[in-house]
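Taken together, the values in this text are just the output of simple stated rules run on the coordinates, not laboratory data. Computed from a prediction, not measured in an experiment: that's the story for all the values here. Cβ atoms come from the backbone with ideal geometry, glycine included; neighbour counts cover every protein chain shown.
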Ligand SMILES: [Ca+2]
Ligand SMILES: [Ca+2]
């Protein structure tokens, strides 16, 4: 039951403030929980940057590269990064971009405070960086102090949908590929047709992605979100109308619907990004899509999305076992998949987390099971702090 309007509020609004002149899109909180980092976009030359900003100029001319558009003067967006302290006061604010349109930013923060921003750019040069100007994704890793970018690279072509950091501090990018993209150490090196999912792993200090791959079949394969399990596996959700989407140990091995509609998809790759541990269609006879994904400490994968399929399978005793009403089905759904991680260790072992005990079971090349610790343990994290 929802609390009644007359119930006394148990929460206190610690702060609430405008961020003038920006469309805010994503935020993260510092590891100690007191600083908030917000990214958005602006076409306001007067966006209030702070004296300690990395870039105090919108675009390359201070006027967000204004031009005569169809309806008058138009400007090209820059990304803006704003940092609030524990009291909600703006301590840092900067432009980020170039002469073109720079937008769709996403944020991720590592336990040691390293801040990553990824987004879309059409700028010929991005923050004067020679490696940028790609007409695609930009990826920027900021120094802890936010006064310089320590790593800036771009990937030509894809459209960003989500990012996530793994326990080693590598950044995973999920994007849409509308044509063939450069791949590396790929699960699927080639574009399969129409739209594909595109997944890439960016390693600190490495100029090119460690791994970049297409994922999909001959139809529309649209990624929506990703998450990293504690074991380092990458869970991806989205939607597809491909009849040949790659499946592994699937719940539904084939498209449940006509190609006019689509099914949700849930897939899990190992930390190398080259081994598909699990991949399945999810859905029924009408249109379904998975939009969000989360993982828990045991590596279980949770997906949520929407469905128009009254025949979408639900588990026995489901909280809501029937979609919609007599007039039609259009509901959200949530699923939990366990036992999705199977690890390929070198050429010899495949491992999966045992049911309930949290340990890893590995099967050697002779089929002998081997009980083991975690297949990989992250390094101790550096102590977390605040940037200023
Ligand atoms: Ca710009
Ligand atoms: Ca495709």
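One decimal place: the segment residue 73-residue 150 gains 24.2 nm when fully extended, by the rule 0.36 nm per residue minus the C-alpha distance.
The convex hull drawn around the Cα atoms of the range 32-78, when projected onto a plane and averaged over every direction, covers 4.3 nm². Rounded to the nearest 0.05, the FRET efficiency derived from the C-beta distance between residue 184 and residue 218 at R0 = 25 Å is 0.65. The listed peptides 284-292, 320-328, 23-31, ordered by packing as a protection proxy, come out as 284-292, 23-31, 320-328 (highest mean of other Cβ atoms within 10 Å first).
Applying the Kirkwood pairwise sum to the alpha-carbon positions of the range 202-353 produces a hydrodynamic radius of 16.1 angstrom.
Subtracting the Cα-Cα distance of residue 34 and residue 57 from 0.36 nm times their residue separation leaves 5.5 nm of extension gain.
Footprinting exposure proxy ranking of 198, 330, fewest other C-beta atoms within 10 angstrom first, gives 330, 198.
Take the Cα of residue 23, step 7 Å toward its Cβ, do the same at residue 85, and the gap between the two points is 3.2 nm.
Cβ-Cβ distance of residue 325 and residue 296, R₀ of 30 Å, FRET efficiency by 1/(1 + (r/R0)^6): the value works out to about 0.40. Stretched out straight at 0.36 nm per residue, the stretch from residue 143 to residue 304 would grow longer than its current Cα-Cα span by 54.5 nm. Please state the shape class of the range 151-287: rounded when a/c is under 1.5, otherwise prolate if a/b exceeds b/c and oblate if not, all from the C-alpha gyration tensor. Cα axes put the range 151-287 in the prolate bin. Spin-label model, residue 16 to residue 249: label points 7 Å out along the Cα-to-beta-carbon direction sit 4.6 nm apart. Would you mind classifying the range 18-156 by shape? Square roots of the alpha carbon gyration tensor eigenvalues, ordered a ≥ b ≥ c; an a/c under 1.5 is rounded, otherwise it is prolate if a/b is larger than b/c and oblate if not. It is oblate, given that a/c is not under 1.5 and a/b is not larger than b/c. With the highest mean first, a sort of the peptides 46-59, 238-251 on other beta-carbon atoms found within 10 angstrom per residue produces 238-251, 46-59.
Under 1.5 on a/c is rounded, so check that first for the range 178-233, then, if it is not, pick prolate when a/b is larger than b/c and oblate when it is not; a ≥ b ≥ c are the square roots of the alpha carbon gyration tensor eigenvalues. Because a/c hits 1.5 or more and a/b fails to exceed b/c, the range 178-233 counts as oblate.
Taking every alpha-carbon pair under 8 Å whose residues sit at least 6 apart, the range 6-160 reaches a relative contact order of 18 percent. The relative contact order of the range 186-253 comes to 28 percent, based on Cα pairs under 8 Å that sit 6 or more residues apart.
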